[in-house]
Amino acid sequence: MLMRAWSTVVATVMVVSAAPGAAQAQAASPAQAAARADFVQTVNAHAILAHAQYGTIESVSGTQLVLRLRSGKTLAVDASQAVASGEYSAPLVAGKVVVVEGSLRADGVFAAQRVTRLTRLDAQTAADH
């Protein structure tokens, strides 16, 4: 839907190119507008969620995970929302390194809206937030 809505405003999209001494504006081609729409859709689909925790899956029971964090602590994760929406990297099995994005519920369980497998956890991995 976003793609169709975006393509209807192709004529109003302007591309500014820097020319020596002056800026010129021209209407974007349909291909440029389509590429822009794909980019916007991708950014929106992968927007950073409020909280992210990195760790190794210690155990899996259905959509419930236990994650061993870098600090050594464990975190109970409810991945049911991520699984239902398809926002997870399959398969989710013990020993895999992941980042879970979502929020911490009042009961202390992390409600994951997205679960993404990583290749490793090291000094280059982003900090938990």
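Specify the residue that is nearest to residue 115 (Cα to Cα); the eligible residues are those in segment 77-94 that are of a type outside the set (Val, Ile, Thr) and surrounded by 14 or more Cβ atoms within 10 Å (Cβ to Cβ). Before you say what the answer is, go through the steps one by one.
Taking segment 77-94 first, the residues of a type outside the set (Val, Ile, Thr) are 78-82, 84-92, 94.
Within this subset, residues satisfying the condition of being surrounded by 14 or more Cβ atoms within 10 Å (Cβ to Cβ) are 78-79, 81-82, 87-89, 92.
On the way: 78: 10, 79: 7, 81: 10, 82: 7, 87: 6, 88: 4, 89: 6, 92: 9 Å.
Among residues in segment 77-94 that are of a type outside the set (Val, Ile, Thr) and surrounded by 14 or more Cβ atoms within 10 Å (Cβ to Cβ), the one nearest to residue 115 (Cα to Cα) is 88.
Given the structure, is residue 123 aliphatic (A, V, I, L, M) and surrounded by fewer than 11 Cβ atoms within 10 Å (Cβ to Cβ)? Before the answer, list the steps.
Working: aliphatic (A, V, I, L, M): yes; surrounded by fewer than 11 Cβ atoms within 10 Å (Cβ to Cβ): yes.
Yes: the conditions hold for residue 123.
Any residue in segment 110-128 that is under 12 Å from residue 89 (Cβ atoms) sitting within a Cβ distance under 9 Å of a residue that is modelled with pLDDT under 85 and aromatic (Phe, Trp, Tyr)? List the pairs, counting only those 6 or more apart or interchain.
No pair meets every condition.
Just to be sure before I move on: is residue 97 among the β-branched types (Val, Ile, Thr), touching a Phe, Trp or Tyr at 6+ places or on another chain (Cβ under 8 Å) and within 19 Å of residue 128 (Cα to Cα) in the structure I sent?
Numbers: among the β-branched types (Val, Ile, Thr): yes; touching a Phe, Trp or Tyr at 6+ places or on another chain (Cβ under 8 Å): yes; within 19 Å of residue 128 (Cα to Cα): yes.
The answer is yes for residue 97.
The values are calculated or read from the model by the stated rules, or taken from the named source; none is laboratory data. Owing to the predicted nature of the structure, the values given are computational and were not obtained by experimental measurement. All Cβ positions, glycine included, derive from the backbone under ideal geometry; neighbour counts span all protein chains shown.
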